[in-house]
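Working notes for the structure below.
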């Protein structure tokens, strides 16, 4: 599965289908507030639940350096990264709302 942000829509591609989804949650979480707050909430969630960054890398396919930089507030998280992390953790985007 591949997820891409295009304007106000998320485009989700699977082997057989492509879906376009308008997702105000991603927009509200990432653009409506301080993006780095979201990074901190994710890092806190991982710490509180004993989940390693390696687990996130393994489940999402994100590079370890990228995950580390997100968790340490050195770079902003993108919508597709946030969705991938939420899917890996089995939680909804709403968990990280302001």
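Going from the alpha-carbon gyration tensor of region 28-96, what semi-axes, largest first and in whole Å, does one get by taking the root of 5 times each eigenvalue? Write down the numbers at each step before the final one.
Working: eigenvalues 54, 34, 27 Å².
Equivalent-ellipsoid dimensions as semi-axes: 16, 13, 12 Å.
Working out 0.36 nm times the residue gap between residue 59 and residue 14, then minus their Cα-Cα distance, what length gain in nm do you get to one decimal?
On the way: separation 45, 0.36 × 45 = 16.20 nm, distance 1.69 nm.
Gain in length upon complete extension: 14.5 nm.
So for each of 85-94, 45-54 I average, over its residues, the number of other beta carbons within 10 Å; can you give me the resulting order with the highest mean first? Walk me through the numbers before you get to the answer.
Working: 85-94: 15.7, 45-54: 12.1.
Put in order of decreasing packing, that is 85-94, 45-54.
Please compute the modelled spin-label separation between residue 47 and residue 87, points set 7 Å along Cα→Cβ, answer in nm with one decimal.
2.8
Values quoted throughout were computed directly from the atomic coordinates according to the rules given, and no laboratory measurement underlies them. Fair warning: this is a prediction, and the values are worked out from it, not measured in the lab. Virtual Cβ from ideal backbone geometry, glycine too; neighbours counted across all protein chains shown.
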